[in-house]
Amino acid sequence: MKRKHPLRRIMIGVAATASGIVLLLALKQPGGSSVVGATAPPGTAAGASAGAAGATGGQALLGDAVNTQYGPVQVRLTMAGGKIAQAEAVQAPGADARSKSITADAVPKLNQAAVTAQSAQIDAVTGASYTSKGYQESLQSALDKAGTGATGTTGGTGATGGDGGSGSAEASGPDAGADTGAEAGTGAGTGTETGAGSGTAPAAPQTVLGSPVDTQYGAVQVRITVADGKLTASEAVQAPSADGRSKSITSGAVPKLNQAAVTAQSAQIDAVSGASYTSKGYQESLQSALDKAGL
């Protein structure tokens, strides 16, 4: 009987071991199967947003983003039954600690004011005039997309009540939020109620922005609201405010010009004493808005 050589046994053993190692490495899958079968956990932000929209059952409308000196402002509305059910700022200034503090204080007030007023005619928050102005403009654009720019309140089925209250006229500048737009609401509705309670509502008010007019002390731009062929509101969305004196003149003159425009139903209004440049710019921008409205 032949004796096997020891070297041959060693070589066979080494070859068998190497084969086993290669087989194990081939069978092992890097990363594990858990990666292939991974799913996003429930309760993500997208899921929460979808849930909130479903809960309200309203129509969500995103206003235009409005750039301000401290950052963009953008408003999202939820409409239900033709009314503002919710307003929220999806963008607001927050580049630094002071902006964040102002935003945290002002935005909740603006949200509540929008729902209460059911329009963009809301007062600016003291100390947050830029944010307030951006909010108002973005809110107005969202209302325009919804097909409503109403500044009046509903006065029952088939009749639209008028709001003779004070709307906010936002002139540019930190302290310009004090300006008050004159708004003569059309209180007598034109709807005719029948025994069944049905009626014909008047056409929705139209908001028209006049051309900006440069003056020696800054730009003036007027926005008007027209309903049933009449001027129901006029406000300055831009007015001189480069320094303390300009701000003082603007805050005294603009409310008078707003009221005069609604009373006269035209741009043929008297200049405010001591504010001739602002008055002239207001008249020209008002006339351009009236021309666009066909009045």
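The values are calculated or read from the model by the stated rules, or taken from the named source; none is laboratory data. Since the model is a prediction, treat every value here as computed from it, not as a measurement. Quick reminder, even Gly has a Cβ in these numbers, built from the backbone with ideal geometry, and neighbours come from all protein chains shown. Accessible surface areas use protein heavy atoms only, side chains included; no ligands, DNA or RNA. Shrake-Rupley method; radii C 1.70, N 1.55, O 1.52, S 1.80 Å.
Contact map, segment 253-279: first residue farther than 16 Å from Gln221 by Cβ, second residue assigned to a helix (DSSP H, G or I) and not small (Gly, Ala, Ser), Cβ cut-off under 6 Å, separation 6 or more or different chains; pairs are Val272/Lys256.
Could you list, in sequence order, all residues of segment 54-74 that are over 9 Å from the mean Cα position of the chain (by Cα), within 16 Å of Asp144 (Cα to Cα) and open to solvent by 60 Å² or more (accessible area, probe 1.4 Å)? I'd like the intermediate steps shown before the answer.
Taking segment 54-74 and keeping what is over 9 Å from the mean Cα position of the chain (by Cα), we get 54-61, 67-72.
With within 16 Å of Asp144 (Cα to Cα) added as a condition, the list becomes 59-61.
Within segment 54-74, Gln59, Ala60 qualify.
Considering only residues in segment 75-131 that are open to solvent by 40 Å² or more (accessible area, probe 1.4 Å), more than 15 Å from the chain's Cα centre (by Cα) and of a type in the set (Ser, Thr, Tyr), the one that is farthest from Pro205 (Cα to Cα) turns out to be Ser101.
One residue alone among Ala219, Ala242 is within 24 Å of the chain's Cα centre (by Cα), surrounded by fewer than 23 Cβ atoms within 10 Å (Cβ to Cβ) and touching a residue at least 12 places away in the same chain (Cβ under 8 Å), and that residue is Ala219.
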